[in-house]
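Accompanying notes for the structure given below.
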Amino acid sequence: MWSFQPTGPEEQNEGSKLDEFFNDQDVATSLVRESLQNSLDAKRPESEFVRVKFSFKNVPQENIGNYCNSYETQSHGIGLAKHLESKDLGKYKLQIDKETTRCLLIEDYGTLGLTGTTDKNNAWSKSNFVGFWWNIGLSNKPSANGSHGVGKTTLTSSSQALTFLALTNRSDDNKKYLIGFSNLPPHRIEDKRYRGYGRFGERDEKFGLLPVSDIQKISKFESSFNIQRNEPGLSVLIPWLSKDVTPKEIKSAVLADYYWPVLNGQLVVEIEDETRESSILIDKDSINELAIDEMDEISSLVAFAGEALKLRDKGGNPHYFAGIDVEQKVGLKGAIEGHITENCLTEENLKVAQDVLRYGEIVGFGLCLPVQKREKGSQPRTAIFDVFLQRDEKTKHLKIDQFIRKQIVISKEKSGIAYPFSFALLVAEDKDISDYLRIAEEPAHNNWHFKRFRDEREYTSDWQLRFIKHRALKDLFSLLSGLNDEDSIVEDFADDIFKILEPSEKGGEKQKQKRKKEGRNPEPKPEPKVRNLALIAVDPISKINGFRIHPSTHLRETVEKSPDVLPLVIKVKTAYAVLKGRNASFNQYSTLDFDLSKSGGVSVEATGGVAILNLDQNTIEAEISSPEFTIEAKGFDKVRDLLVKVDS
């Protein structure tokens, strides 16, 4: 039976904001991320893997109607259906009078079930049962993937009625319990006001609302929805399923967000559509083939992650470097900063790693960081995490970077690498580093936040978090490729666009200004110069191992307004990248690399309103007379990164 508590005369008007934690994700993605996270957290120690089954089904209305009643008492005498019809619910108002109800059944196996005390008054206990059914904003999972006690909102958000029912078989006492939860907004029925939260259970005069434990009632529930909960685990039934949750969307979300535990054999997912008599199984043997039907980014990422796992787990692979200690330096403000420099690797290993990245293969590193808790008697521990990089000619346009803590993809953390690359993956599976990062994680597992980390005051320092978020992937990429953030020119044949600015009155040169010491009456600061829009763009073209120079849309618009902008003379300089950075790359250019003035190597072709004035070693000088033109340079070394610099 359902129980919705009426509000008191002095309670404030307040709606649930739980769904705001997940409003950046679509419904299916949120549902998959949270439900699979909960199941993986509940894995039994003796289980080889966790299996989760998503079953789509149409249920007769009379079956679901039996679970819409409430208690025939003065306080709780209104059924769920009546609550769902309240005008105050707005878009959540629902009439449940159809012949069949579209439902989703989510069942996990190889798990513990909702273990622990059922006493809600012990909210801070480690009871998974209390955490799932009663707690909001409190967590009972100190070392798990989730730690905020708000994940259940994704289950209710997947229902048009914001409601779910759940049956658990518990591994600790072999008992079965049936419960339900509804996350409706506060609402009125006639002249009575109700809180949004409602729960399904059975009422006890002494203990209040308890889970349904009667064997006959539970058997009836199982037969009504074709559930066989004979082993420990959890079965969640989501009635009046959102139209946005489909088998295809569930599959895509599993592949995008849980490819890592599937590939390493920790997770198996089955998706069954009873209405169409179809099913698919996602495991380590089938995931690559299933990913082919997805977007190129997903299929490529799954393939990359599989190869990265083999690289790390086979043992003895010369392209995986374990035990790399992060170098600690004292910054300008006296704070410790973490870095990966050439001192972290032997000269021989550094050369091997650079060559591996250069030739488009996967290179991996096991990085080590010291972490220490504040609690008395705590000693520093070495936390380990993995980094994998690839820069392959065929996939450098993808620029896919991801961070994984345990099995969860931290979806909005990015590497910050400015240059084209194929994949950059950071995986923090080790318990010490996972526990450390969990402190900084927000409820939807999208980001790691410094304020959240500092407010918890659980660890002695946050430089490790700063290193993982901002430096780990960038430092390694820069060290191996020789490209760093100070380089203002983007390199090689990827999808980045290179641009030049409109020439200024003084030829575009920056004028050095002496900084005057400000006195009591300082001179007013000049207005900052507005950066002009780009007139010319440079696109990399991997098919010809070169690049194309062409007009930007702004050039055409500018010529229409001010025809005297043309003719415009430009100089294009090119050079292969070297480890010491951009300036060194151009300074160390050699005609042995290529010579634009000679035939038989790199060729340059101009079409439309442009004339080549001069080709000299690594420089193209051209005069643009019309806003319709192209210059193509092709035939560069496909395994080397090319820097392109355009001056006017």
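The values are calculated or read from the model by the stated rules, or taken from the named source; none is laboratory data. Remember, it's a predicted structure, so these values are computed and weren't measured experimentally. So basically every Cβ, Gly included, is an ideal-geometry build from the backbone, and we count neighbours across all protein chains shown. Ligands, DNA and RNA are stripped out before the accessible areas are found, and what is left, the full protein with its side chains, is counted by its heavy atoms. Shrake-Rupley method; radii C 1.70, N 1.55, O 1.52, S 1.80 Å.
Here is a yes/no grid of residues against (1) open to solvent by 40 Å² or more (accessible area, probe 1.4 Å); (2) hydrophobic (A, V, I, L, M, F, W, C); (3) modelled with pLDDT under 90; (4) within 28 Å of Lys351 (Cα to Cα):
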{"site": "Ile549", "(1), (2), (3), (4)": "no, yes, no, no"}
{"site": "Leu555", "(1), (2), (3), (4)": "no, yes, yes, no"}
{"site": "Glu560", "(1), (2), (3), (4)": "yes, no, yes, no"}
{"site": "Val578", "(1), (2), (3), (4)": "no, yes, yes, yes"}
{"site": "Lys598", "(1), (2), (3), (4)": "yes, no, yes, no"}
{"site": "Val610", "(1), (2), (3), (4)": "no, yes, no, no"}
{"site": "Gln617", "(1), (2), (3), (4)": "yes, no, no, no"}
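Give region 329-341 a look and list any residue that's within 21 Å of Arg457 (Cα to Cα) and surrounded by 15 or more Cβ atoms within 10 Å (Cβ to Cβ), or say none. If the condition is that a residue be within 21 Å of Arg457 (Cα to Cα) and surrounded by 15 or more Cβ atoms within 10 Å (Cβ to Cβ), then Glu337, Gly338 are the ones that fit.
Return the total of residues in region 535-547 being within 19 Å of Asp641 (Cα to Cα) and modelled with pLDDT of 80 or more. Total meeting the criteria: 9. Note on region 253-288: residues that are under 30 Å from Thr100 (Cα atoms), open to solvent by 30 Å² or more (accessible area, probe 1.4 Å) and not in a loop (DSSP other than H, G, I, E, B) amount to 6. Among what's in region 224-239 and is assigned to a strand (DSSP E or B) and of a type in the set (Val, Ile, Thr), pick the residue that is surrounded by the fewest Cβ atoms within 10 Å (Cβ to Cβ). Here the answer is Val236. The residues of region 289-299 include none that are touching a strand residue (DSSP E or B) at 6+ places or on another chain (Cβ under 7 Å), crowded, with 16+ Cβ neighbours inside 10 Å and at pLDDT below 95.
The set of residues in region 240-252 being open to solvent by 30 Å² or more (accessible area, probe 1.4 Å), under 13 Å from Thr29 (Cβ atoms) and outside any loop (DSSP other than H, G, I, E, B) consists of Lys248, Glu249. A search for C-beta distances below 6 Å between a residue of region 36-60 that is within 18 Å of Thr154 (Cβ to Cβ) and any residue that is surrounded by fewer than 17 Cβ atoms within 10 Å (Cβ to Cβ) and at pLDDT 95 or above, counting only pairs 6+ apart in sequence or on different chains, returns Lys53/Glu270. When region 342-378 is limited to residues that are over 18 Å from Asp325 (Cβ atoms) and of a type in the set (Gly, Ala, Ser), the one that is most open to solvent (accessible area, probe 1.4 Å) turns out to be Gly377.
Selection of strands (runs of 3 or more DSSP E) fully inside region 379-435 by the criterion of at least 2 residues being in contact with an Asp or Glu (Cβ under 9 Å, 6 or more places away or on another chain) and open to solvent by 10 Å² or more (accessible area, probe 1.4 Å) returns 381-390, 400-405.
Applying a threshold of 9 Å to beta carbon distances and a minimum spacing of six or more residues, or different chains, the list of pairs starting in region 443-465 at a residue that is more than 25 Å from Lys152 (Cα to Cα) and in a helix (DSSP H, G or I) and ending at one that is modelled with pLDDT of 90 or more and of a type in the set (Phe, Trp, Tyr) reads Gln464/Tyr436; Leu465/Tyr436; Leu465/Trp448; Leu465/Phe450; Leu465/Phe453; Leu465/Tyr459. Of all residues in region 82-93, those that are under 30 Å from Val254 (Cα atoms) and either buried (at least 20 other Cβ atoms within 10 Å of the Cβ) or without any contact (Cβ under 8 Å) to a residue 40 or more places away in the chain (or both) total 1. Checking each residue in region 157-177 for being surrounded by 20 or more Cβ atoms within 10 Å (Cβ to Cβ) and without any contact (Cβ under 8 Å) to a residue 60 or more places away in the chain picks out only Lys176. Annotation note: of Gln407, Gln372, the sole residue that is of a type in the set (S, T, N, Q) and at pLDDT 95 or above is Gln372.
Of the candidates Lys98, Lys126, Lys91, the single residue that is over 19 Å from Asn63 (Cα atoms), modelled with pLDDT under 85 and assigned to a loop (DSSP other than H, G, I, E, B) is Lys126. Being in contact with a helix residue (DSSP H, G or I) (Cβ under 7 Å, 6 or more places away or on another chain) and at pLDDT 80 or above, is that true of even one residue in region 136-151? No, because not a single residue in region 136-151 is in contact with a helix residue (DSSP H, G or I) (Cβ under 7 Å, 6 or more places away or on another chain) and at pLDDT 80 or above. Screening Val639 with (1) surrounded by 21 or more Cβ atoms within 10 Å (Cβ to Cβ); (2) in contact with a helix residue (DSSP H, G or I) (Cβ under 9 Å, 6 or more places away or on another chain); (3) of a type in the set (A, V, I, L, M) gives one miss only, at (1).
Taken as a whole, the structure places Asp539 among residues that are touching a strand residue (DSSP E or B) at 6+ places or on another chain (Cβ under 9 Å) and charged (D, E, K, R).
Confirm whether Gly196 is among the small types (Gly, Ala, Ser), buried (at least 20 other Cβ atoms within 10 Å of the Cβ) and within 20 Å of Phe225 (Cα to Cα). No.
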